[in-house]
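Following: one structure in structure tokens, then a few remarks.
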Amino acid sequence: MATTQAEQRVSPRAVQVGRRPARRARNGPLAVGLTLPALLIFAVFTILPTAYTFVISLFDWNPLNVAQSRFIGAGNYTKLFGHATPSFAASGLTSLYFTAGMVIGGTALSLAIAVLLQRGGALLGAVRVAVFVPHVTPLVATSIVWVWIFNPQFGLANAVLHLFGLSGVDWLDNSATAMPAVLAYSLWHEVGFTVVIFLGGLSVISGELGEAARVDGANRWQEFWYVTWPQLRPVTVFVVTISTISSLQAFTQFFLMTGGGPVHATTTLSFLLYQEAFVFFHTGYAAALAVVLFVVTALFTLLQFRTRRSSSR
Amino acid sequence: MPQSPLTRAVAVLAAGVLAAGGLAGCGAGSSTGKTTVTFMETMSSGTLKSSMEYLTKQFEKQHKDIDVQLVVEPDYPTLRNKETAALAAGKPPTIGQAYSDWAATYAKSQVLVPLDGYAGKADVAALYPGVRSDLYLPSDHKLYMWPFNKSVVIQYYNQKMLSGKGKSAPKTWDEFAATAKAVSGHGTVGVSIDPGTSAGPAGGEAWFEILAAAYGTPVFASDGKPRFTSPAAVQAMTYLADLKKAGALSLGKNYPGQVALGAGKGGFDISSVASYFYNQQAVGGKFPMGTAPLPSGPAGAANQLAGTNIVMFAKASDQEKKAAWTFMKYLSSPDAQAYWASHSGYLPVTPAALPKMADFIAKNPYQKFGADALKTAKADPPYPWVTKAQGELAVAMQSALTGKQTPAAALADAQKQAAAEAKSGE
């Protein structure tokens with residue numbers, strides 16, 4: 001106890017003086033030496049490739065024989081607005097469709113599930129696990145499983161429709177149903193994670209405000225809408241932001257379930273980038289696409305920082 | 001945290017081991033004094049893998065000074081990516097499987113060796129005519145490829161299902177449509193296909209190309225120009241759209257024809273001869289699986305020479321190139337081809353293999369009529385844009401078969417795209 005009192009008596013100046021060695025340690029050669037390996041790995045695998053991608057985007061790049069590459073300046077970027085089908089704009093809209101579905105649908109669904117599951121108990125605990133489990137399953141394996149679920153001849157989805165006397169649907173081969181089918185799979189896979197985030201948010205908000213609202217005569221919906229959800233604003237912003245970023249980068253399910261088809265109905269920007277880079281080997285054009293996708297994602301990240309800052313004020 | 005001398009010693013040792021391992025991994029050449037040939041290929045499963053490994057071992061027994069290392073990739077898109085990545089890194093394999101349009105792209109980038117200096121006239125003459133004509137590139141008319149796994153398309157059918165409807169293997173495409181419609185219904189579909197996508201045309205797209213040729217006009221001219229809007233192409237697409245409307249054709253993914261046939265829910269599978277062992281496995285003896293040549297169209301029989309050739313990359317040393325050619329020539333020899341065809345399902349590239357596999361042909365007649373088709377089957381012309389143009393056809397099929405566009409309109413869109421690609425020369 002004597003030591004504690006002595007510590008309490010130490011002046012702020014003394015604390016600052018006392019921190020100096022720690023600060024020196026953080027900035028000293030040892031600290032730099034210890035950080036260097038991590039920095040080196042980050043530079044080699046992230047920073048340099050990013051810079052190199054930008055350089056490639058300025059060339060008509062021949063990956064087979066770099067000597068045959070030609071500098072074309074912004075040529076690849078201007079091509080983005082006049083390239084053949086599927087165009088950059090059309091793929092951007094497809095990405096937007098998927099992102100809107102995942103962000104609006106995913107946020108609403110996970111919030112609803114979290115509110116339903118927020119009370120404890122063994123059964124609800126088991127349901128929480130069941131909701132989260134799809135998120136930890138491998139995307140590749142479960143995408144293939146869902147291809148079978150949507151198989152028009154043998155799939156579970158059409159079997160359910162047949163039970164109700166409805167005719168089957170070419171889920172993944174019809175341009176009207178392919179994206180909703182991929183969205184259904186993606187929501188199944190992703191919602192578990194955002195439910196856990198909302199549950200975390202719900203566990204720390206004040207219960208007293210809700211109680212007060214109920215005393216004042218608010219019904220369940222009014223309590224949720226006017227009291228609970230506003231308190232979850234920072235969590236909602238976080239969920240919206242990470243859902244947006246991950247949806248813009250989504251690739252695996254499109255690669256395995258639809259291959260960007262039918263008729264380009266699921267060719268998102270990420271898939272278009274893969275197709276141009278690794279199927280058609282239009283490396284320079286693909287690099288330009290990657291740079292634009294990077295800028296769009298970075299803008300959303302900046303937006304996240306700004307929104308979080310303003311909501312925390 | 002202060003480090004103990006022991007921790008430091010362990011860290012230094014670990015770093016040393018890692019560095020040594022890394023250096024060993026970068027090492028090139030053989031320490032045994034043998035010439036190493038690396039072969040990047042896709043024979044990754046089933047009898048394809050075991051047959052390839054067997055032939056390689058046999059070759060190494062006969063050529064003690066050559067070590068062949070198989071670099072196996074799971075599928076063709078991955079193979080192309082790996083070959084491209086290896087070329088970009090300046091460390092290509094000695095030889096690799098390649099479709100003719102890949103070879104055209106590689107040759108344009110000057111990373112291939114012409115094989116004219118290795119293959120003699122007699123070597124080339126020993127091959128089937130259809131196979132032979134697929135080895136040269138039109139850019140300089142040089143021999144850049146050597147045949148490896150060649151196939152044509154045949155029809156597989158459920159004999160019990162067809163005879164139940166009083167039908168036998170159809171001889172014309174009109175008969176095929178009538179039979180497919182007759183067996184469809186109650187969960188059974190005449191034929192299931194996967195057209196593929198713009199990123200990767202699949203077997204359904206190959207069938208469309210064959211149909212267009214059977215109606216009178218192949219979809220590519222010999223100079224590679226697309227002819228997707230010809231009356232024959234429109235007729236072929238209309239034929240498939242009618243089957244779909246009648247419920248006799250279904251679209252799917254992951255070899256849907258094989259799956260439906262194997263499950264007893266499909267009348268036919270229109271697929272490569274290389275599917276034979278896979279289809280047999282899928283059927284699993286539940287019913288007798290029939291095989292027959294493809295039906296004919298108004299313009300006669302048409303088929304597509306599919307499969308890849310082998311190319312030699314320019315980076316290899318003269319000694320490696322010489323060893324690689326010895327291996328390539330061995331793979332196309334009558335003995336090796338007889339073994340390969342009998343165990344892999346692919347067709348022999350030389351008629352000289354047929355007498356050596358007489359027993360197999362007697363039990364598996366598809367090999368005989370498949371090999372006969374090699375005399376007339378045509379490969380797609382070797383131009384860099386062909387695969388991309390086939391992707392446009394796959395998109396047109398998706399559009400026309402799901403009723404989004406009429407066959408003519410869907411093909412017109414594909415023609416526009418493909419013509420632009422052909423013009424740009426990509």
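The values are calculated or read from the model by the stated rules, or taken from the named source; none is laboratory data. Please read all numbers here as calculations on a predicted model, not as lab measurements. Counting neighbours? That spans all protein chains shown, and the Cβs are built from the backbone with ideal geometry, glycine included.
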Quiz item: If you check B:Val152 against the conditions, is it β-branched (Val, Ile, Thr), out of contact with any Cys (no Cβ under 8 Å at 6 or more places or on another chain) and surrounded by fewer than 18 Cβ atoms within 10 Å (Cβ to Cβ)?
Solution: no
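To keep it simple, each residue is scored yes or no on (1) in a loop (DSSP other than H, G, I, E, B); (2) aliphatic (A, V, I, L, M); (3) within 14 Å of chain B (Cβ to nearest Cβ).
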| position | (1), (2), (3) |
| --- | --- |
| A:Pro63 | yes, no, yes |
| A:Gly82 | yes, no, yes |
| A:Ser91 | no, no, yes |
| A:Phe98 | no, no, no |
| A:Ile104 | no, yes, no |
| A:Ile113 | no, yes, no |
| A:Leu116 | no, yes, no |
| A:Gly125 | no, no, no |
| A:Ala130 | no, yes, no |
Quiz item: Residue check, B:Ser133 against (1) farther than 21 Å from B:Thr326 by Cβ; (2) out of contact with any Gly (no Cβ under 7 Å at 6 or more places or on another chain); (3) within 12 Å of another protein chain (Cβ to nearest Cβ), all met but one. Which one?
Solution: (3)
Practice problem: Working carefully through the options A:Val279, A:Val292, find the one that is closer than 30 Å to A:Ala51 by Cβ and modelled with pLDDT under 90. | Solution: A:Val279
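Give the residue that is surrounded by the fewest Cβ atoms within 10 Å (Cβ to Cβ), with candidates limited to residues of the stretch A:166-192 that are assigned to a loop (DSSP other than H, G, I, E, B) and of a type in the set (S, T, N, Q). Give the derivation first.
The first filter runs over the stretch A:166-192 and keeps only residues assigned to a loop (DSSP other than H, G, I, E, B), leaving A:166-177.
So of that shortlist, the ones also of a type in the set (S, T, N, Q) come out as A:167, A:174-175, A:177.
Details: A:Ser167: 7, A:Asn174: 21, A:Ser175: 18, A:Thr177: 19.
Only one residue tops the list, namely A:Ser167.
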Exercise. May I ask you to list the residues in the stretch B:351-375 that are touching a helix residue (DSSP H, G or I) at 6+ places or on another chain (Cβ under 6 Å) and within 29 Å of B:Thr94 (Cα to Cα)?
Key: B:Ala352, B:Ala353, B:Leu374
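Considering every residue within the stretch A:8-26, establish whether at least one is modelled with pLDDT of 70 or more and either within 33 Å of the chain's Cα centre (by Cα) or not in a loop (DSSP other than H, G, I, E, B) (or both). Break it down into steps so the answer makes sense when it comes.
If we filter the stretch A:8-26 for residues that are modelled with pLDDT of 70 or more, which is where we start, we get A:26.
Filter once more, keeping what is either within 33 Å of the chain's Cα centre (by Cα) or not in a loop (DSSP other than H, G, I, E, B) (or both): A:26.
Yes: the stretch A:8-26 contains one or more residues that are modelled with pLDDT of 70 or more and either within 33 Å of the chain's Cα centre (by Cα) or not in a loop (DSSP other than H, G, I, E, B) (or both).
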Quiz item: Any residue in the stretch A:283-291 that is part of a loop (DSSP other than H, G, I, E, B), touching a Phe, Trp or Tyr at 6+ places or on another chain (Cβ under 8 Å) and within 14 Å of chain B (Cβ to nearest Cβ)?
Solution: no
Quiz item: Which residues, taken from the stretch B:111-149, are under 20 Å from B:Lys315 (Cα atoms), surrounded by fewer than 24 Cβ atoms within 10 Å (Cβ to Cβ) and either of a type in the set (Val, Ile, Thr) or under 16 Å from the mean Cα position of the chain (by Cα) (or both)?
Solution: B:Val111, B:Val113
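Take A:Val239 and decide whether it is away from chain B (no Cβ under 13 Å), buried (at least 20 other Cβ atoms within 10 Å of the Cβ) and at pLDDT 90 or above. Outline the logic, then answer.
Details: away from chain B (no Cβ under 13 Å): yes; buried (at least 20 other Cβ atoms within 10 Å of the Cβ): yes; at pLDDT 90 or above: yes.
Yes: the conditions hold for A:Val239.
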Exercise. Return the total of residues in the stretch B:46-93 being without any contact (Cβ under 8 Å) to a residue 12 or more places away in the chain and outside any helix (DSSP H, G or I).
Key: 1
Quiz item: Which of the residues spanning the stretch B:237-252 are more than 13 Å from chain A (Cβ to nearest Cβ) and assigned to a loop (DSSP other than H, G, I, E, B)?
Solution: B:Ala246
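Of all residues in the stretch B:253-293, how many are assigned to a loop (DSSP other than H, G, I, E, B), more than 14 Å from every other protein chain (Cβ to nearest Cβ) and more than 20 Å from B:Ser184 (Cα to Cα)?
The first filter runs over the stretch B:253-293 and keeps only residues assigned to a loop (DSSP other than H, G, I, E, B), leaving B:253-255, B:263-265, B:284-288, B:293.
Remaining after also requiring more than 14 Å from every other protein chain (Cβ to nearest Cβ): B:284-288, B:293.
Keeping just the survivors that are more than 20 Å from B:Ser184 (Cα to Cα) gives B:284-285, B:293.
Qualifying residue count, the stretch B:253-293: 3.
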Quiz prompt | In the stretch A:193-224, the residues that are over 25 Å from A:Phe132 (Cα atoms) and hydrophobic (A, V, I, L, M, F, W, C) | solution = A:Leu209, A:Ala212, A:Ala213, A:Val215, A:Ala218, A:Trp221
Quiz prompt | Total residues in the stretch A:67-101, condition surrounded by 15 or more Cβ atoms within 10 Å (Cβ to Cβ), under 27 Å from B:Ala85 (Cβ atoms) and either modelled with pLDDT under 90 or not aromatic (Phe, Trp, Tyr) (or both) | solution = 11
